[in-house]
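To start, the structure under review is shown below, and the notes come after it.
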Amino acid sequence: MNGSGNVLLRVEDLKVHFPVTEGVLMRRRVGSVKAVDGVSFELRRGETFGLVGESGCGKSTTALAILRMLEPTAGRIVFDGEDISRIDQRGLRPLRRRMQMVFQDPFGSLNPRMRVREIVGEPLKVHGVAGSRRRFRERVAELLDLVGLLPAMADRYPHQFSGGQRQRIGIARALALEPDLLLCDEAVSALDVSIQAQVLNLLMDLQQQLGLTYLFIAHDLSVVRHISDRIGVMYLGRIVEVAERDELFEQPRHPYTEALLASVPTPDPVVEAARAHHLIAGEVPSVRNPPSGCRFHPRCPKVLGHCNRAEPLLEAVGPAQVACHLYADSPPAVAGTGQAGDLAL
Ligand code: SF4
């Protein structure tokens, strides 16, 4: 969809660690949860970059750190050429207009006591760009029309809408300040499958119409496949593979990516029976105490002898980027074993 290489957002070696404390006053630091631990990727203008992985792998934390709703522990976030990883709240204010979030839960993220007009128009007031009463009402009507809702619906309350309509209201609100970047965090996960497709198609239409760039976070691979141009796969706070959408689905390279794809159910019972033999081993380890070396090594069916000691870096492998010793120039041929269990998507 976009081949310009024109970068809107660059995330470099981003880390978000949370202290773990103990003691009566919880002041004694005894460790840290490394929710995001060295994540790098870039978003080209006008593209959709999908971020996938199991629950708790750090996808949402990454998005919140980009928005500076969580403070990065280390690393750089460069938005439109400006390093925003350390600027203060005042400096962030104009940037917040350009980066907006669409949340998973359209029910929880809309104030039930506010009319849709106030919900959609609230960012205009917060940023002091609401204009006259008439202009405010016109702008809200434009935004509702943009997301396929009737402007007359502005007087209703959230409970008078279906789930899909409520998510459209959330999208209208996110678009109020004409952002460049939308961070969609599980934005369709709470919706029925048929409604999911409608909202995904709306997001794709809006992208074309408004030139938006999306960071699209989801655990559902079929959803990510539908909307993404490129995809990053996260595991335990790190990105293990980045590739163009079709490349990733047709030729997954990292063993974890292979496992994720193998875990997608199919309607064919014969295929499904064969697929069960390819499910991956073990529980997701704790981010508080991640495995040494490659974090995937306790579950990896292709683990090598040194995988538990050396951490693989994300490096170019063909047209993809992969963090796996299998692709090193001279990997040692020492095989290990995993444990039994299923992926918990
Ligand atoms: Fe498996 Fe080793 Fe590759 Fe990790 S580095 S994914 S353990 S082969």
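The values are calculated or read from the model by the stated rules, or taken from the named source; none is laboratory data. All figures in this text were calculated on a predicted structure; none of them were measured in a lab. As a convention, Cβ positions derive from the backbone with ideal geometry for all residues, glycine included, and neighbour counts pool all protein chains shown.
Observations, loosely collected:
- Number of positions in the range 297-331 that are more than 9 Å from the ligand (Cβ to nearest atom) and either hydrophobic (A, V, I, L, M, F, W, C) or under 27 Å from the mean Cα position of the chain (by Cα) (or both): 9
- Top-ranked residue in the range 228-267 [being touching a strand residue (DSSP E or B) at 6+ places or on another chain (Cβ under 9 Å) and among the β-branched types (Val, Ile, Thr); ranked as farthest from Val11 (Cα to Cα)]: Thr257
- Lys34 satisfies every condition listed in (1) at positive phi; (2) not in a loop (DSSP other than H, G, I, E, B) except (1).
- Subset of the range 42-57 that is among the small types (Gly, Ala, Ser) and at pLDDT 95 or above - its residue that is surrounded by the fewest Cβ atoms within 10 Å (Cβ to Cβ): Gly46
- Which listed residue is modelled with pLDDT of 95 or more and either part of a loop (DSSP other than H, G, I, E, B) or farther than 22 Å from Lys59 by Cα (or both), from Pro285, Pro331, Pro290, Pro312: Pro312
- Matching entry among Leu260, Leu248, Leu236, Leu203 (being closer than 30 Å to Ser162 by Cα and of a type in the set (A, V, I, L, M, F, W, C)): Leu203
- Residues being part of a strand (DSSP E or B) and modelled with pLDDT of 95 or more - total across the range 58-82: 6
- Of the residues making up the range 108-141, those that are loosely packed, with under 15 Cβ neighbours inside 10 Å and assigned to a loop (DSSP other than H, G, I, E, B) are Gly108, Asn111, Pro112, Arg113, Met114, His127, Gly128, Gly131, Ser132.
- Qualifying positions in the range 68-107 - exposed (fewer than 15 other Cβ atoms within 10 Å of the Cβ), under 18 Å from the mean Cα position of the chain (by Cα) and without any contact (Cβ under 8 Å) to a residue 60 or more places away in the chain: Met69, Glu71
- Residue within the range 17-27 that is buried (at least 19 other Cβ atoms within 10 Å of the Cβ) and under 23 Å from Ala323 (Cα atoms) present: no
- Checked against (1) assigned to a strand (DSSP E or B); (2) over 13 Å from Arg238 (Cα atoms), Arg86 meets all criteria but (1).
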